[in-house]
Amino acid sequence: MNITDCTIFDPQVFHTVERVMIVLAVVVFAALQYFKAGYGYLRTKGWGPMIDNKLGWVLMEIPVLVTALLIIIPARGWQHLTEFILVSFLLVHYIQRSLIYPFMMRGKSRIPVSVVLMGAVFNVINAYLICGWLFVLAPEGRYTPEWLYSPQFIIGALIFIFGMAVNLHSDHIIRHLRKPGDTRHYIPRGGMFKYVSSANYYGEITEWFGFAILTWSLPGAIFCMWTFANLAPRANSLYEKYTKEFGEEFTSLKRKRLIPFIY
């Protein structure tokens, strides 16, 4: 059976999922103003059983790669050069996020199983929307080789690369805040942390903003919207926790929460 015959790629089903995801992004953004995500520096016991942080990150992020391959291989995605180049931005990010980043983590932190499951479901749906659009539902002739010379691709790709560089550098700074055995908390400094308290989140949101532009698609915009809905409230919570824990030492830095000079 051709992949285009699958019910999940029926245009009506696909567009319904898009609409549901847009509504849920708004709901999640509102809910996270009151419920703090229980992992990392904001980890709490109210989110249920926990597992090893490294294992949790692999299980949460690798579904993107699995879902993408389950669509790309039957659709012979490698035969569609432009679409394959577009999706490679997604794949590179999640190869790093699921197969490299977890094993660079330090310490013995734990992450709630509930957070892992919610993240995995979110990742599966977003991979389905993006890959389904690129390889199944995008109109014939939408992504010709000329697309790679278009302003939206060039600008979006540059924004994505900048965002990924910020994200990776910020993660590097966070990883090296403490020496082995040290359990104290420190204020991240350097790089984009000069401007915002959650530079790693700023980098990730910037990545998906660039991806939305370079694909010029609703699924790309939805992914960016969800990333913001999830990370913006968390950035605010981190700002408040830094303020409470470090007081004037932190507030005197006059950083914004997430977006340099704005928020």
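Placing +1 on the Cβ of every Lys and Arg and -1 on the Cβ of every Asp and Glu, with nothing else charged, gives the chain a dipole about its Cα centre of roughly 1340 debye. Taking one quarter of the surface of the C-alpha convex hull of the chain gives a mean projected area of 14.6 nm². Ranking Val115, Gly77, Cys224 by how far each Cα lies toward the positive end of the dipole of segment 3-251 (charges on Cβ) leaves Val115 at the top.
Positive-end ranking of Ser98, His176, Phe14 along the dipole of the chain, with charges on Cβ about the Cα centre, is headed by His176.
Take every Cα pair under 8 Å whose residues are at least 6 apart in sequence, average their separation, divide by the length of the chain, and the relative contact order is 23 percent. Residues Arg19, Arg255, ranked from the fewest to the most other C-beta atoms within 10 Å, line up as Arg19, Arg255. The order of Met104, Met225, going from fewest to most other C-beta atoms within 10 Å of their C-beta, is Met104, Met225.
Among the listed pairs Lys108/Lys241; Lys108/Lys179; Lys54/Lys179; Lys179/Lys256; Lys54/Lys194, those with a Cα-Cα distance over 23 Å are Lys179/Lys256; Lys54/Lys194. A full extension of the chain between Phe261 and Ile173 corresponds to an added length of 29.6 nm, given 0.36 nm per residue minus the alpha carbon distance.
Exposure proxy ranking for Phe162, Phe228, Phe135, based on other Cβ atoms within 10 angstrom of each Cβ and starting from the fewest, stands as Phe162, Phe228, Phe135.
Where a number appears in this text, it was derived from the coordinates with a stated rule and is not lab data. Just so it is clear, the model here is predicted, and its values are computed rather than measured. Using ideal geometry, Cβ is built from the backbone for each residue, glycine included, and neighbour counts are taken over all protein chains shown.
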